[in-house]
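The values are calculated or read from the model by the stated rules, or taken from the named source; none is laboratory data. No experiment lies behind these values; they were computed from the predicted model shown. Here Cβ is always computed from backbone atoms with ideal geometry, including for glycine, and neighbour counts include all displayed protein chains. The protein model used for the area step is the full one, side chains on, heavy atoms only, and it has no ligands, DNA or RNA in it. Shrake-Rupley method; radii C 1.70, N 1.55, O 1.52, S 1.80 Å.
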Amino acid sequence: MRRSTIRLITVLATAAVTTSVVAGCSTKNQVPSIGYAVDAAVASYNGASTLGASSGAAAVFGRVLTGFFYTGPDGQQVADTDVGTAKEVPGETQTVQYRLNPDGVYSDGVKTSCDDLVLAWSARSGKFTRPGDRGPVSLFDAASTVGYEEIERIDCQPGSKDATVVFRPGKHYLPWRTLFTATEMMPAHVVAQAVGVPNVVNALQTGDGAVIGRIAEFWNTGWTVNAGALDLTKFPSSGPYRIESFSAKDGLVLVANEKWWGAPPETKRIVVWPKGTDFAAKAKENALGVVDLGAGSVADLKLDGFDEQTVASRSAEQLVLATGGVFSRVEVRRAFAQCVPRQALFDTLGKAGEPAQHGLGAGVLNAHVVQQDSLYYPAVIGGADRYRGADIPAATATLASAGTAQPTVRIGYQGPDARRAQTVAMIAESCRGAGITVVDAGSPDFTPVRLREGAVDAVLGGTGAVPGPAGSSAGVVAFAALRAGSGLDFGGFANGRYDAITDQLAGEANSTATLNLLTEAENLLWAQLPSIPLFATPRVIAFGNGMQNGIAGPTQAGTGWNMDRWVLQR
């Protein structure tokens, strides 16, 4: 077995490769297929919802639900010109003109339209709310409102291919290419049919609370993905693949979308094996062609014959802490952070097999929202000094100052995951000396919402608490996950100054001002500790013999970001 750097993999078979090898050949019509193992949890088709974003929808459905941009293998935003074009229009007010491809059509025959943009904006703008115990609550369970909340209006004639997005006066959202992206533009016509309205554009403009409530309810729950129980009429595709079926036994089967107007996929059938699959068994069965898993997460995984690499990903392995319950006092969060053996965890579990690229994965992660390969990173990490390694005397003293005796901390994660189980075990061993009991609360059905519900005290996961592929170079999710009211703010962190900093950073082009704001943000987060960063999540990415055109994608889009170009050389 050899290791390689992130590059185009073209591994020609050295011997005749039968249909069953690395493919998990279909018995249905004998259509050749490629098996794709990825530890995203298939839970929702809607990647913009809290459930979809926190389960890793972007890593599974990126070539099923397309957008104007997608996350490339280095974490950058790449324009998808098959979908359409997007360009800023010169003027005092930030305006972006979107034009959908005239040939664009969903797999059910309905044309793509600007209605899809209006639905995405409405769901993520935060403007549709209901009264709650602590103030207004959004009707839409959106992962975040970042960027979308800065949009004042979208000029769209229902059914049109053109949309003009106008931002609020005085606002300028620099990462606007992170809006209306793959897995975040949902089929508006499906919603209209489900709630009984001609189109969502007019329905959302009417102000009819009952109708908008029904739209929100479907957007929140109508695209939930349950194995063996899919009404495929609700899941049309706008990409080169569409869903054929999903079951625990046969995986998530994606087949070529006959209505796709771009270059047809090279391989007509992809079988996605998501989190919960016995990956070691699938590897033994030669059912896998591409593997994208957390390094060390699968015990006894044998990838003989694969071109395999272990790389540092864009995802930040971290502990997301509750700000209530046992951690309601910041002193207890600080004591816990002081006993977490961050350096030992990196040395034992966090090192990637390849040399760090531009600093990514080079050592313990000492920032919450600034990435290790950022030019700003060395200047903003001073707040991490007191938490570099386990300091049991300091943790004991801090805990005593809080007046909290022998707290118990339940750490949840989606299992099975051997590396995260070992992470919790190492933390438990270290923190025991400070009088803190750590309980492994990982389970196969775990979701980060349990932190919000009080069932656990911390979540062990990646950026946005995602169990599998996560992260991008823009870092929008990392910032959003700590904003008050964000769907991804599972720990309930609320700090007005942090929110103001993130708002300012989104429109700040001056490097000095950016550095000052990032430094302030990191100092604030190390003082308040809504999360404890550990290391850049290492991932094993492997391609089987005969695989061509595989390009490792250690980001939120996963290595499946270009699955429509995969070829199994036989």
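Tabulated values for the structure
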quantity: Where Ser138, Ser237, Ser443 fall by accessible area, highest first, once all protein chains stay in place (1.4 Å); calculated: Ser138, Ser443, Ser237
quantity: Gyration tensor (alpha-carbon) shape descriptor, the stretch 301-450, a/c threshold 1.5; calculated: oblate
quantity: Overall form of the chain per C-alpha gyration tensor (a/c, 1.5; a/b vs b/c); calculated: oblate
quantity: Rg/Rg_globular for the stretch 402-544, with Rg_globular taken as 2.2 N^0.38 Å and Rg from C-alpha atoms; calculated: 1.16
quantity: Per-bin percent of Cα-Cα distances, the stretch 244-317 [5 Å]; calculated: 3, 12, 21, 20, 17, 15, 9, 3, 0
quantity: Rounded if a/c under 1.5, otherwise prolate or oblate - the stretch 107-221, Cα gyration tensor axes; calculated: oblate
quantity: Value of relative contact order over the chain, rounded to a whole percent, pairs C-alpha under 8 Å and six or more apart; calculated: 24
quantity: Restraint check, Lys111/Lys259; Lys249/Lys275; Lys161/Lys268; Lys111/Lys161; Lys111/Lys234; Lys284/Lys351, Cα-Cα greater than 18 Å; calculated: Lys161/Lys268; Lys284/Lys351
quantity: Rounded to whole Å, sorted largest first: equivalent-ellipsoid semi-axes of the stretch 516-563, Cα gyration tensor; calculated: 37, 12, 7
quantity: Within the chain, percent of DSSP bridges classed antiparallel, to nearest 5; calculated: 80
quantity: Viscosity 1.306 mPa s, temperature 10 °C, Stokes-Einstein D of the stretch 315-394 from Kirkwood C-alpha radius, µm²/s; calculated: 115
quantity: Nearest-10 value in Å² for the accessible area of Arg452, using the 1.4 Å probe; calculated: 110
quantity: Cα Rg, Dmax (largest Cα-Cα span) when computed across the stretch 34-121, Å; calculated: 14.9, 50
quantity: Accessible-area composition of the chain, carbon plus sulfur, in percent [1.4 Å probe]; calculated: 51
quantity: Equivalent ellipsoid dimensions for the stretch 169-299 as semi-axes, Å, which come from the Cα gyration tensor, largest first; calculated: 34, 19, 17
quantity: Sparse-neighbour loop sites [GluC sites (Glu not before Pro); the stretch 192-288; at most 14 other C-beta within 10 Å; DSSP]; calculated: Glu258, Glu285
quantity: Proximal lysines relative to Lys127, as straight alpha-carbon distance under 21 Å, when same-chain residues fewer than 8 apart are discounted; calculated: Lys171
quantity: C-alpha center-to-center spacing [the stretch 353-427, the stretch 138-158] in angstrom; calculated: 34
quantity: Mean accessible surface per residue for the stretch 259-347, computed with a 1.4 Å probe while every protein chain stays in place, in Å²; calculated: 33
quantity: Where only C-alpha atoms are counted, convex hull volume of the stretch 386-457 per residue in Å³; calculated: 97
quantity: Ala494/Trp261 FRET efficiency (R0 51 Å; Cβ-Cβ; nearest 0.05); calculated: 0.70
